[in-house]
Structures are given as C-alpha cells and as structure tokens.
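Trainee: For reference, the structure I am asking about is given below.
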Amino acid sequence: GDSVTQTEGLVTLTEGLPVMLNCTYQSTYSPFLFWYVQHLNEAPKLLLKSFTDNKRPEHQGFHATLHKSSSSFHLQKSSAQLSDSALYYCALSALNAPRFGAGTKLSVKP
Amino acid sequence: EAGVTQSPRYAVLQEGQAVSFWCDPISGHDTLYWYQQPRDQGPQLLVYFRDEAVIDNSQLPSDRFSAVRPKGTNSTLKIQSAKQGDTATYLCASSFGGQGAETLYFGSGTRLTVL
C-alpha cells in the first residue's frame, strides 16, 4: 500500500539557519504529495502540494520539489523563523484519501 | 466562510463507555474524512465519505467504531465501549472532490482521553 516516511522526529534549529525536512514515499500510482503544518493547539493546514515531477511549489518561504525518480518531496526554507516552530506532516494521495507520515517537529530557537 | 466545526472539544471517559463526535464540514464540500491522531503521531485515516456514501472504511475498527453521514452534510463518529488505546485526537476534514488533488480543511479536533 501507499506509505510516507519522515525520518526525523525532531529538528532543532537556530533562527536564520536553513530548514530541510525529509519526506520519501512509496506508491503504486503517481501520487499527489502534500506538506501540512500544524501549529500548537491548531488544526493542520496545507502548506503546499505537488503532482508534477521536478516542479517546485512555494508558499510562505517554504518550497518542495517532487522528485519521482527518488520518490522524495523534501521541504526546504532558506532561513528559519521563530514562527516556523510547528509540526510538519508529509502526506500522499493517489486517487483516495491522503495518508500522512509520522510528522517532524520543527523547533526554532533564538 | 465558516470552517470545519467539531464538537465536543474534549471528552474524558472510563473504559467501556460510549462517546460520539460530531462534525459539520465546510458548506459545499462533498467529501468528509475522519482521522485519528494519537499523541506524537500523524493523522491516520479511519473513514471517508463522498456525499452520504462510505468510500473507504477499511481502517475503522468496525466492532466498536461507526460513522455515518446520512444527508451528505454533517457526520457523526461513535465509539462503543471505549478502550485506553482509543486515547487520541479525532480530526474531521472536508474537501470538494475526493480524487486525490484536493486540499483538506481540518477542524480543531476532539481530544479524547480514556481512563
């Protein structure tokens, strides 16, 4: 079945440093990939999504490139801000409801 | 535009008790999802509907969990005889269309604690 792997449970960064959160996936089909962000005591919200190979959607300074050859959709940002501290979920959907990874907690320190 | 509304916000039960969660999706959204999110884990799909029809309930523990969406709008998720392992946040989400590309809009969730 479809699955999403996020290898880092916790990423701690100093403000201003670059962010990279890993996401790899397995799917029989050609899926849509999503990043959702969940701030403390809030509902998850879409950050960005992609279906097209090697296309780089961007939102709020974050970007992610879908690489079908390596089944990856890593999330990146050039400079972390304190307000980026949150849970980040990678999700996959192939003609059905999205399946989510375990999530990565990003903690940005001053 | 109103978002996805869930109630109650919190529930605390003893093992063996029953509980129901209610969800009102965004108006016009035909697809409704229920996810279970244990502490420190990602959302795990329980069931989803398109209009009033169940599309996938394969992950719903059918002996104790049930979900309905009788008029294709609001939905109720019920747990009969709750267990400590059911402790989690229950998230409802909605979207327009359910073919895979759609953005899910989540409610604030119901945080369930089973003692």
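The values are calculated or read from the model by the stated rules, or taken from the named source; none is laboratory data. It should be emphasised that the depicted structure is a prediction, and the values quoted were computed from it without experimental measurement. Here the Cβ positions follow ideal geometry from the backbone for every residue, glycine too, while neighbour counts run over all protein chains shown.
Trainee: Can you pull out the residues in segment A:65-99 that are in a loop (DSSP other than H, G, I, E, B) and away from every other protein chain (no Cβ under 14 Å)?
Mentor: Going through segment A:65-99, the residues in a loop (DSSP other than H, G, I, E, B) turn out to be A:65-66, A:68-71, A:73-74, A:78-81, A:85, A:94-98.
Residues satisfying the conditions are A:THR65, A:LYS68, A:SER69, A:SER70, A:SER71, A:PHE73, A:HIS74, A:SER78, A:SER79, A:ALA80, A:GLN81, A:SER85.
Trainee: Do we have B:PRO25 as under 20 Å from A:PHE34 (Cβ atoms), surrounded by 18 or more Cβ atoms within 10 Å (Cβ to Cβ) and away from every other protein chain (no Cβ under 11 Å) here?
Mentor: On the way: under 20 Å from A:PHE34 (Cβ atoms): yes; surrounded by 18 or more Cβ atoms within 10 Å (Cβ to Cβ): yes; away from every other protein chain (no Cβ under 11 Å): yes.
Here the answer is yes, as B:PRO25 does meet what is asked.
Trainee: Go through (1) closer than 30 Å to B:THR110 by Cβ; (2) at pLDDT below 95; (3) touching an Asp or Glu at 6+ places or on another chain (Cβ under 6 Å) one by one and return the number of the condition A:ASN41 breaks.
Mentor: Checking A:ASN41 against (1) closer than 30 Å to B:THR110 by Cβ; (2) at pLDDT below 95; (3) touching an Asp or Glu at 6+ places or on another chain (Cβ under 6 Å), the one that fails is (3).
Trainee: When A:CYS23 is evaluated against the numbered criteria (1) within 10 Å of another protein chain (Cβ to nearest Cβ); (2) crowded, with 16+ Cβ neighbours inside 10 Å; (3) of a type outside the set (Ser, Thr, Tyr), which criterion, by number, is the only one it fails?
Mentor: The single condition A:CYS23 does not satisfy is (1).
Trainee: While we're on this one: For segment B:63-115, enumerate the residues that are of a type in the set (A, V, I, L, M) and part of a loop (DSSP other than H, G, I, E, B).
Mentor: We begin by selecting, within segment B:63-115, every residue of a type in the set (A, V, I, L, M); these are B:67-68, B:77, B:79, B:82, B:88, B:91, B:93, B:101, B:104, B:112, B:114-115.
The answer is B:ALA82, B:ALA101, B:LEU104, B:LEU115.
Trainee: Here is a follow-up. Would a scan of segment B:51-58 turn up a residue that is aliphatic (A, V, I, L, M), touching a strand residue (DSSP E or B) at 6+ places or on another chain (Cβ under 9 Å) and away from every other protein chain (no Cβ under 12 Å)? Give the derivation first.
Mentor: From segment B:51-58, those aliphatic (A, V, I, L, M) are B:53-55; that's our starting set.
With the extra rule that they be touching a strand residue (DSSP E or B) at 6+ places or on another chain (Cβ under 9 Å), the set shrinks to B:54-55.
Now drop any that are not away from every other protein chain (no Cβ under 12 Å), which leaves none.
No, there is no match, as no residue in segment B:51-58 is aliphatic (A, V, I, L, M), touching a strand residue (DSSP E or B) at 6+ places or on another chain (Cβ under 9 Å) and away from every other protein chain (no Cβ under 12 Å).
Trainee: If you scan segment A:38-54, which residues turn out to be of a type in the set (A, V, I, L, M, F, W, C), within 8 Å of another protein chain (Cβ to nearest Cβ) and in a loop (DSSP other than H, G, I, E, B)? Explain how you work it out, then say what you get.
Mentor: Going through segment A:38-54, the residues of a type in the set (A, V, I, L, M, F, W, C) turn out to be A:40, A:43, A:46-48, A:51.
Going one step further and asking which of them are within 8 Å of another protein chain (Cβ to nearest Cβ), we end up with A:43, A:46, A:51.
Residues satisfying the conditions are A:ALA43, A:PHE51.
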